[in-house]
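Below is one structure, written out as structure tokens; the observations come after it.
The values are calculated or read from the model by the stated rules, or taken from the named source; none is laboratory data. All values derive from a computational prediction rather than experimental measurement. Cβ placement follows ideal geometry from the backbone for every residue including glycine, while neighbour counts extend to all protein chains displayed.
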Amino acid sequence: MMRRPITLAAAIVEEEVPMRFRIALAAVSALTISLRPSPSAAQCLGDFNRDSHVTVDELITAVRNSLDDCQLLGGRFVDNGDGTVTDQKTGLVWEKKENLDGNADFSDPHDADNTYTWSGGANAPDGTVFTELLFALNGGTSPDGVVTSGCFTGHCDWRLPTIEELTGIVDATQGTCTNGSGPCIDPTLGPMQADGYWSATTFSRNLSTAWLMDFSGGDAAHGGKNIRFFVRAVRGGP
């Protein structure tokens, strides 16, 4: 099939496209045409070769990918170049840590060596992960009550991940999960400690403890909320 930029008319009259795709193509192509970015902007929906044009073949592939939940082109995790990593499978955006050198620096909320408590007492979410880390990421200010600035990457909704979200980024083929070195995650998410990371999820049978993910072996555990563990913030999601 000759590859050419898609138009709404082409999507509707393309005879060789199956009916179940033609309906989807008409709706998606209309949105793509109205929102098509410039070459320097974000990638167009279905623009797999990144030429700022979407062909019928590319859009059919995008629809099939969505229907079949197939492997993501170019890898699951994308380094956004702004201190964050996007998970293309879940839509979550993860904070990217830095300076993994064995020396904590609490003036830098992104330092990979920093550890935090979940609670300052027994149960309440008032430990340093909330009062220091998340406050630093979400602590925006506004001069007029209309526009807020100062939040990390312009977003003020950073939070602790759930234990299910942490479990979702465990990669058993990486690091110490396969008797190698480093954490059990995709390298794109590095640097990261091969150690325990707090989740937002409280252990239901003991409210003074919360779930954490041990990235040295990829196992979930739970620990006292007043203990210091590592933290990686997240935002977004389906």
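For E164, the criteria (1) without any contact (Cβ under 8 Å) to a residue 40 or more places away in the chain; (2) charged (D, E, K, R); (3) more than 22 Å from T202 (Cα to Cα) hold in every case but one, which is (3).
Among the numbered criteria (1) touching a residue at least 60 places away in the same chain (Cβ under 8 Å); (2) buried (at least 16 other Cβ atoms within 10 Å of the Cβ); (3) not aliphatic (A, V, I, L, M), which single criterion is violated by W211? All conditions pass for W211, except number (1). Listed conditions (1) at pLDDT below 80; (2) surrounded by fewer than 15 Cβ atoms within 10 Å (Cβ to Cβ) are all met by E58, apart from (2). Residues that are touching a residue at least 40 places away in the same chain (Cβ under 8 Å) and of a type in the set (D, E, K, R) within the stretch 217-231 comprise K225, R228, listed in sequence order.
Restricting attention to the stretch 83-104, the residues being modelled with pLDDT of 95 or more, part of a loop (DSSP other than H, G, I, E, B) and within 16 Å of R232 (Cβ to Cβ) number 6.
For G121, the test of being at positive phi and surrounded by fewer than 16 Cβ atoms within 10 Å (Cβ to Cβ) is failed.
Return yes or no: is G145 under 25 Å from M213 (Cα atoms), out of contact with any strand residue (DSSP E or B) (no Cβ under 8 Å at 6 or more places or on another chain) and modelled with pLDDT under 95?
Values: under 25 Å from M213 (Cα atoms): no; out of contact with any strand residue (DSSP E or B) (no Cβ under 8 Å at 6 or more places or on another chain): yes; modelled with pLDDT under 95: yes.
It is false that G145 is under 25 Å from M213 (Cα atoms), out of contact with any strand residue (DSSP E or B) (no Cβ under 8 Å at 6 or more places or on another chain) and modelled with pLDDT under 95.
Rundown of residues vs (1) buried (at least 18 other Cβ atoms within 10 Å of the Cβ); (2) not in a loop (DSSP other than H, G, I, E, B), yes/no style:
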{"site": "T131", "(1), (2)": "no, yes"}
{"site": "C156", "(1), (2)": "no, no"}
{"site": "P161", "(1), (2)": "yes, no"}
{"site": "E165", "(1), (2)": "yes, yes"}
{"site": "T173", "(1), (2)": "no, no"}
{"site": "C177", "(1), (2)": "yes, yes"}
{"site": "C184", "(1), (2)": "yes, no"}
{"site": "M192", "(1), (2)": "yes, no"}
